[in-house]
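The values are calculated or read from the model by the stated rules, or taken from the named source; none is laboratory data. Please read these numbers as outputs of a predicted model, since none were measured by experiment. Quick reminder, even Gly has a Cβ in these numbers, built from the backbone with ideal geometry, and neighbours come from all protein chains shown. Surface accessibility is based on the protein's heavy atoms, side chains included, excluding ligands, DNA and RNA. Shrake-Rupley method; radii C 1.70, N 1.55, O 1.52, S 1.80 Å.
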Amino acid sequence: MQRSQQRAETPPGHVVVIGGGIAGLAAAHRLVATGVRVTLLEATDRLGGKLMTGEIAGAQVDLGAESMLARRPEAVALAGAVGLADRLQPPATATASLWTRDALRPMPKGHVMGVPGDPAVLGEVLSPEGLARIAEERDLTPTPVGEDVAVGAYVADRLGREVVDRLVEPLLGGVYAGDAYRISMRAAVPQLFEAVKEGGPLLEAVGRIQERAAAQQQTGPVFQGIAGGIGTLPAAVGDAVRAGGGEIRTETPVLGLTRTEAGWAVRTDTGVITADGIVLATPAWSAGALLAAESPAASAELSGVEYASMALVTLAFRRTDIEAYETLRGRSGFLVPPVDGHTIKASTFSSNKWQWVADAAPDLFVLRASVGRYGEEGHLHREDEELVAVSLRDLAAATGLTARPVDNEVTRWIGGLPQYPVGHLARVARIRDEVAKLPALRVCGAVYDGVGIPACIASAHRAADEITKEIIATPTRVRGTGSEAGQ
């Protein structure tokens, strides 16, 4: 068959998406909309990655991510595109607290990831010595940030360690499960990085960020959930991909990638799939292994990405058993500074925070606690019963809650969150530079541009758009038929 004849008889390109988390699904969804033929391969028996629902005491709950940033458009738009617009739901309450210095204290307002703009709001969280240290900042010489700097190190240098240990650390830890003294300001809090580069005291830099945000007059909720759980989003996207002509195969691990004259050969345990393009939407260690032969430099960079593991302990109580605990009323939950030495790092009062949880299980009060952060993976080796017991012990100390749960569920997320240390964005740039040398292959996911759901979707769209553009711009390539050897 002549090449021109083959191109006329085959679809406008075949792209294999490797990885069925939200990034891979978003890439597949984007690709099928362009008419590209898509095959998505997921190694496990389900889609969604860290987005997952489950049941506790007969009630459906999120066992992974439970909300998505709504001030970025990507996640809300994707939910709407797959038919979930009418199920989007903001938190019923956003009254969060800090469990610090032996009490639940209101979360201070007017901060940027824990970095305050006005020390006057910190009286309940910081000691008099901590407040006095902040007041010294205007007399300090400037602290250079260079190409990048650790959030904790910079803030501690300007405002003192107490601000980091009791505010920045629990807030950043809630996002990255990481160590604030290692996390890159440029990668994790870019608006703060740009503001401090302008010079002047840190407090003034935070003030400028807040003034710019106010000038934008953003309205609507900061976060959104989905009735039935954020974990329902992957299935809806998967259904939309199939409806658009895409194919999704679970329990299909990819064993190898090889460049061929026609494009790519994707080796699975059931055969070899040929493709014109590849979107690699897997964790760093998996992407590194798959790229080892074709891009050793990218593989080496990916192998250097570290991850944090954590566990979620979800507990269900009878409402009649917890009615006496006033500390649970009206709160969405609390964060825990690691410096206070407790095991749990956060707790979400799901029945308060999400109206859909309260409506689905009106006789229950559901909450969850998270355990583990970067460098503290030892907690995850405990038995489920021990994790439940230590969570209940900390919850009792924080809230006075001594009721016994009627059900519990422990969910472990091993290697759940990539870490963004100083220099992370430079590493990402090197990875992308090396990957760009390969024909029609792109990477996406939580490793690259942010760990939140909108950021993962944005990286997926970028990868899908670049692949589509490259395939369309290369008409001389022999289109892959998508056939599998031996089948």
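Reachable lysines from Lys197, Cα under 26 Å, same-chain residues fewer than 8 places away excluded?
Lys109
Translational diffusion coefficient of the range 123-217 at 10 °C, 1.306 mPa s, Stokes-Einstein with Kirkwood Rh over Cα pairs, in µm²/s as a whole number.
115 µm²/s
Lys/Arg Cβ at +1, Asp/Glu Cβ at -1, dipole of the chain taken about the Cα centre: which of Ala132, Thr219, Pro170 is farthest positive-ward?
Thr219
Sum up the charges of everything whose Cβ sits under 12 Å from the Cβ of Val422, counting Lys and Arg as +1 and Asp and Glu as -1, but leave Val422 out.
0
Taking Cα centroids, how far is the range 282-338 from the range 136-153 in Å?
Comparing the Cα centres of the range 282-338 and the range 136-153, I get a distance of 29 Å.
What FRET efficiency comes out for Leu380 versus Ile472 if R0 is 51 angstrom and r is the Cβ-Cβ distance? Round to the nearest 0.05.
Efficiency at R0 = 51 Å is approximately 0.65.
Just subtract the alpha-carbon distance of Ala324 and Ala293 from 0.36 nm times their residue separation and send over the number in nm, one decimal.
Full extension of this stretch gives 5.0 nm more.
On a C-alpha basis, how far is the centre of the range 177-224 from the centre of the range 388-425 in Å? Whole number, if you could?
Using only Cα atoms, the two centres lie 27 Å from each other.
Of all the C-alpha pairs in the range 383-481, what % are more than 21 Å from each other?
That fraction is 59 percent.
Averaged per residue, what accessible area in Å² does the range 13-127 show with a 1.4 Å probe, protein chains only?
Accessible area per residue, the range 13-127: 37 Å².
In the range 390-466, what trypsin sites (Lys or Arg not before Pro) fall in a loop by DSSP, with at most 12 other Cβ atoms inside 10 Å?
Hits after loop and neighbour filter: Lys437.
From Cα pairs below 8 angstrom and at least 6 apart in sequence, can you work out the relative contact order of the range 325-398, rounded to a whole percent?
Contact order relative to length: 25 percent.
Please compute the length gained on full extension between Thr95 and Leu140, using 0.36 nm multiplied by the number of residues separating them and subtracting their Cα-Cα distance.
12.7 nm
Tell me, what is the FRET efficiency for Ala396 and Gln217 to the nearest 0.05, using R0 = 41 angstrom and their Cβ-Cβ distance as r?
The calculated FRET efficiency here is 0.40.
Pop out the carbon and sulfur fraction of the accessible area of the chain as a percent, whole number, probe 1.4 Å.
51 percent
Under the classification rounded if a/c is under 1.5, otherwise prolate if a/b is larger than b/c and oblate if not, where does the range 189-305 fall, given a ≥ b ≥ c as square roots of the Cα gyration tensor eigenvalues?
oblate
Pro201: net charge of surrounding residues, Cβ under 9 Å, Lys/Arg +1, Asp/Glu -1, itself excluded?
0
Pulled fully out, how much extra length does the chain show between Ala389 and Gln210, if you take 0.36 nm times their separation in residues and subtract their Cα-Cα distance?
Result: 60.3 nm gained on full extension.
Just checking my list (i) 23.9, 81; (ii) 23.8, 90; (iii) 22.0, 69 against Rg and Dmax of the Cα atoms in Å computed from this structure; which label fits?
(i)
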